[in-house]
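Comments concern the structure below.
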Amino acid sequence: MIPITDPWFYAAAIPSVFLVGLSKGGFGGTFAMLGVPIMALVISPLQAAGIMLPILIVMDIVALIAYRGRADWKTLSILLPAAVIGIGIGWATAAYVNDSFVIFLIGIMSLAFVADYLFKQRKITTASGHNLPKGTFWGMMAGFTSFISHTGGPPFQMYMLPLRMAPMLFAGTAVIFFATVNAIKLVPYFLLGQFDATNLSTSVTLFPVALVATLVGVWLVRIVKAEMFYAIIYIFMGVIGAKLTYDGIVGLLA
């Protein structure tokens, strides 16, 4: 098995995997959203998703060990069943989704999340309670977007942030949610042919970056306030989102 050898790919893939690892280490999905978009700057977004999934599984194992015993099971009981439905929708529509549409969708999602942050500034002062209809909607969206591009973080956070959980509980809940979602995705990804020799060998090549990044994320969430990192990530997300939205529109109109 011969991995991708293009140096430009690794110039994008290494920071991509590192940011996703930080997210898996406890930052709840914001960093993870940048993973496929950064890779999609140099390869097909669908191929990027195929390469990223085995890496995510490795990160999930490390994060599950680090956050064992920390989770809000009420949240998971609402979001996970809905996420399974979203994954099913993603699988059913995979044959009809082309690269340009995926690029456009990721770009728009990135810009929408940044806009939501800028206009609302996340000024939530009191915790809200659980809401089954909202949880079902955002859970389905998280499952669908996670399936097509591993960008389930924003929908997940749209439901989670108003709950105002303690950081460690938030992180542990996110770890179990996305570990479960990623495990479920293995079957449809295999049936869709995403695990060819090139993709798998490239994933293995990037495993060391994934392990180090996840451990760094676990360490950082214990000593640094996540808000310091979010501002930087929102900037990158906005720039990348604008680029991918433009590329997606050009591709769809071609």
For GLY69: the one exception among (1) at pLDDT below 90; (2) small (Gly, Ala, Ser); (3) buried (at least 16 other Cβ atoms within 10 Å of the Cβ):
(3)
Among the residues of the stretch 206-254, write down those that are open to solvent by 60 Å² or more (accessible area, probe 1.4 Å) and over 25 Å from GLY26 (Cβ atoms).
LYS243, TYR246, ILE249, VAL250, LEU252, LEU253, ALA254
Tally up the residues in the stretch 211-230 that are touching a Pro at 6+ places or on another chain (Cβ under 9 Å) and either modelled with pLDDT of 90 or more or of a type in the set (A, V, I, L, M) (or both), please.
2
The residue that is surrounded by the most Cβ atoms within 10 Å (Cβ to Cβ), considering only those in the stretch 35-58 that are touching a Phe, Trp or Tyr at 6+ places or on another chain (Cβ under 7 Å) and aliphatic (A, V, I, L, M), is ILE55
All positions within the stretch 9-34 that are surrounded by 24 or more Cβ atoms within 10 Å (Cβ to Cβ) and modelled with pLDDT of 90 or more:
ALA13, SER16, VAL17
Number of positions in the stretch 31-74 that are out of contact with any Lys or Arg (no Cβ under 8 Å at 6 or more places or on another chain) and over 28 Å from THR93 (Cβ atoms):
12
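The values are calculated or read from the model by the stated rules, or taken from the named source; none is laboratory data. Just so you know, these numbers come straight off a predicted model, no measurement behind them. In this analysis, Cβ positions are derived from the backbone assuming ideal geometry, glycine residues included, and neighbour counts consider all displayed protein chains. With ligands, DNA and RNA removed, areas are computed over all heavy atoms of the protein, side chains included. Shrake-Rupley method; radii C 1.70, N 1.55, O 1.52, S 1.80 Å.
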